[in-house]
1. Compute the separation of the alpha-carbon centres of the range 70-90 and the range 6-28 and state it in Å as a whole number.
2. May I ask which residue of F25, S87, F63 lies farthest towards the positive end of the charge dipole of the chain, with charges of +1 (Lys, Arg) and -1 (Asp, Glu) on Cβ and the Cα centre as origin?
3. Tell me which trypsin sites (Lys or Arg not before Pro) from the range 4-89 have a DSSP coil assignment and no more than 13 other beta carbons within 10 Å of their own.
4. Using the Kyte-Doolittle scale, which helices in the chain average at least 0.0 and also have C-alpha atoms spread 20 Å or more along the helix axis, with helices defined as whole DSSP H runs?
5. Based only on other Cβ atoms within 10 Å, what is the fewest-to-most ordering of F59, F44, F25, F67?
6. Once you charge only the Cβ atoms, +1 for Lys and Arg and -1 for Asp and Glu, what is the size of the charge dipole of the chain about its Cα centre, to the nearest 20 debye?
7. Over the chain, what relative contact order in percent results from Cα pairs under 8 Å that are six or more residues apart?
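Since every read-out is calculated from the coordinates, none of them should be taken as a lab result. From a predicted model like this one, the values you see are computed outputs, not experimental measurements. Here the Cβ positions follow ideal geometry from the backbone for every residue, glycine too, while neighbour counts run over all protein chains shown.
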Amino acid sequence: MRTTPLSRTHLFGRIAAAALGGYAFCWGFIALGLALLYGAGLGFHDAEHIASMLGLLLFLGVFCWAFAARSLEQVWVILAGGGVLMSGGAALVQRSLVAAAGGL
């Protein structure tokens, strides 16, 4: 296996993907987890704390994975795309919970 030195732009891209993409991914995860746990009958603050604790662990994992993955483009697609999809799913779950409570 041949190793090549990383360029500064590639390293900056990895750092940005790890920090910003990881944040977006975990934000979507926490929002979706909170909505699903609350919808399943768990109290709001309990669901919030559980989702946040799991999100922190997830952030550590995806931050490290962003540097270990082969393709920087794949990292961005998975982290940013997954964050958008999970945030959208959380919005749908929240909307259905509000509608079921008679708020809409």
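1. 11 Å
2. Farthest along the dipole direction, towards plus: F63.
3. Those that pass, being in a loop and sparsely packed, are R70.
4. 22-39, 44-68, 72-100
5. Fewest to most other Cβ atoms nearby, the residues stand as F44, F67, F59, F25.
6. 440 debye
7. Relative contact order of the chain: 43 percent.
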